[in-house]
Amino acid sequence: MRNIWIIAKKEYDHYFASLIAYAVAFTILLVLGIIFGVNLWYYTNNAFQSSGTIPDSSSVTGAFVFLLVFFVPALTMHLVSDENRLGTLELLLTAPLRDHELIVGKWLGGFLFIFTLVVITLVYPVVIDNFVQPGIDWSMVLTSYLGVLLVTSAFLGLGVGISAMFSNQIATMFVTFTLFVFLWWLVGFPANLAPVGADVFRYLDMSTHFYDTLNQGVIQLGDLVYFLSLTALGLFIGTTAIEIRRWR
Amino acid sequence: MIKVKGLTKDYGARRAINNLTFDAEQGEIVGFLGPNGAGKTTTMRILSGYMPPTDGEAVVAGFDVVTDSIEVRRRVGYMPETVPLYRDMSVYDFLKFMADLRHLPNAEDRIDETLELVAMTDRADGYIGNLSKGMKQRIGLAQALLHRPEVLILDEPTIGLDPGQVVEVRELIKEIGKERTVLLSTHILSEAQNICDRVLIINKGKIVTEDTPENLQARLVGAERVILRIRGEQDDLPLLLKKVKGVEDVEPRSDGSVEFAFAPGRDVRPEVARALIKEGYDLLEMRLVGLSLEEIFLELTGSEGKGN
Ligand SMILES: Nc1ncnc2c1ncn2[C@@H]1O[C@H](COP(=O)(O)OP(=O)(O)O)[C@@H](O)[C@H]1O
Ligand SMILES: [Mg+2]
């Protein structure tokens, strides 16, 4: 556990010295801020006409996960591949540290970075809460934020796993992004067309596990299993890639 | 401290090291001498717990490198060949990270002591990326020394350094090697002779020979060749040299100088000098030329093939 934390802390600190990480954080916060602002403006101007609708933060969290599809590859591309390219992996692999601790530590570092952004965006629901009477539905807000964290977890797990297979950042980013686009959009298409196996495709489609349930305030065991399995799969792939490297 | 038996490593179909057997005691500096591709790095990577061997076994600091890899890694300090470091970290942050990975209880003190040992205290806050090659080498050493390991494995620790830095790093290794077991690799004969208590010569994945630097020196004396230059006409020189007892293998060189060898254990340079002066020649230069590693192998394995 301690080793995982040491690796995570180094990666977390590294993000705060990295231009790419700042650009990602800035873009995410800016886009979400704009969406939030527009929503708030719409609400304050239409509150009297459409008194039935209460604003919530689902548009913010919805946009957040959409941005993650694009930005997580940029945040994970260097995680292991760069250690590989620079040879520093040799230092880590000869330190008294188990391979899975290294991989999980890398994942946790990325997770904590995005978690920091998530915490910052909690400002939006807090502000909305002050505008509406009698206040917003916090259980729904927190569920959709849980959804964001689950999507983050799965994306980062897969991203770290792919990063461990390469020694080139750009290759890593490209493969990671392609996989995310597939999981987020493409895998859903056959579900509507294929006569058989539609359920499998539907289950693999990541966006439905978020938009249809968590972002609406619904927690289902199937969704939790889905996101946590993908996380575990990515971390397993990463650990295996390191082990293969050792035995080769 | 290090016990290696029948160690073998294949990369796919290629055998990098073949059935190596050797050991190293506490307080001993053992040198691994061999040309590029000999299998030095491969051996060191196995001993440092980076990768398992294909066959054979290695026990380092009392633990098996395969079954107790983590225990081995706790007790070994390792400096990889190219001294990989995080360029965008400060020296201090990097060492703190490495110290944390080793769970050192008094990390700050250890870092300060180690920086002092490698004479880098004043660079603690600087970025590693801005350091000279020699300084990076010292940080690589510092990283390997932080936890005061029982066994220190250094892969070509002086490669790429300028002569002044080479001397410094060698002195540092000798100092460290007084209490610890050090295994270092090099492809420079004089370096192995200068630092090590014992030298293992490795070529094409096999140990060719093993000896103390003194014995190696004695075995290699016959292999030394001398280049001689005099003022003016040199045509008669070969004839004159051949008359001096112990001189062998006289060959005129294209640049007008003459090259010769002498029999093992008999340095004939004083006799040659006297003979030249007696005949009235002006002696301009007489120097020993080292042999290439390939020639040394031939010499040490007893093949008659010195020179060309
Ligand atoms: N990762 C690798 N994959 C395949 N072959 C390798 C690898 N590393 C080294 N080799 C080969 O193994 C042999 C020994 O290499 P190495 O241990 O690096 O020698 P040295 O350190 O003495 O120069 C060489 O023939 C080299 O080409
Ligand atoms: Mg090498």
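When the residues of segment A:82-125 are filtered to those that are away from every other protein chain (no Cβ under 14 Å) and more than 18 Å from the chain's Cα centre (by Cα), which remaining residue is surrounded by the fewest Cβ atoms within 10 Å (Cβ to Cβ)?
A:Val123
Would segment B:117-139 turn up any residue that is of a type outside the set (A, V, I, L, M, F, W, C), open to solvent by less than 40 Å² (accessible area, probe 1.4 Å), within 16 Å of ligand 1 (Cβ to nearest atom) and within 14 Å of chain A (Cβ to nearest Cβ)? So that I can check it myself, show each step before the final result.
Step one: of segment B:117-139, the residues of a type outside the set (A, V, I, L, M, F, W, C) are B:121-123, B:125-127, B:129-130, B:132-134, B:136-138.
Then drop every residue that is not open to solvent by less than 40 Å² (accessible area, probe 1.4 Å), which leaves B:126, B:129, B:134, B:137-138.
Right, trim to within 16 Å of ligand 1 (Cβ to nearest atom) and you get none.
No - not one qualifying residue is present in segment B:117-139.
For B:Leu101, the conditions (1) open to solvent by less than 40 Å² (accessible area, probe 1.4 Å); (2) facing another protein chain (nearest Cβ under 10 Å); (3) farther than 18 Å from B:Ile153 by Cβ are fulfilled apart from (3).
Each residue in segment B:163-195 was checked for being surrounded by 22 or more Cβ atoms within 10 Å (Cβ to Cβ), within 16 Å of ligand 1 (Cβ to nearest atom) and not in a helix (DSSP H, G or I), and 4 of them qualify.
Among the β-branched types (Val, Ile, Thr), within 14 Å of chain A (Cβ to nearest Cβ), in contact with a strand residue (DSSP E or B) (Cβ under 6 Å, 6 or more places away or on another chain) and within 12 Å of ligand 1 (Cβ to nearest atom) - does that describe any residue in segment B:22-41? Yes - at least one qualifying residue is present in segment B:22-41. For segment B:28-62, a residue qualifies if it is away from ligand 2 (no atom under 13 Å from the Cβ), out of contact with any Ser or Thr (no Cβ under 7 Å at 6 or more places or on another chain) and open to solvent by 20 Å² or more (accessible area, probe 1.4 Å), and the qualifying residues are B:Glu57, B:Val59, B:Gly62.
Screening segment B:75-86 for residues that are open to solvent by 10 Å² or more (accessible area, probe 1.4 Å) and among the aliphatic types (A, V, I, L, M) and picking the one that is nearest to the other protein chains (Cβ to nearest Cβ) gives B:Leu85. Scanning segment B:55-74 for any residue that is in a strand (DSSP E or B), within 10 Å of another protein chain (Cβ to nearest Cβ) and at negative phi turns up nothing. Under the condition of being crowded, with 17+ Cβ neighbours inside 10 Å and part of a loop (DSSP other than H, G, I, E, B), the residues counted in segment A:188-216 number 2.
The values are calculated or read from the model by the stated rules, or taken from the named source; none is laboratory data. Small disclaimer: the values here were computed from a predicted structure and weren't measured. Every residue, glycine as well, gets a Cβ built from its backbone with ideal geometry; the counts of neighbours run over all protein chains shown. Only protein heavy atoms, including side chains, enter the accessible area calculation; ligands, DNA and RNA are left aside. Shrake-Rupley method; radii C 1.70, N 1.55, O 1.52, S 1.80 Å.
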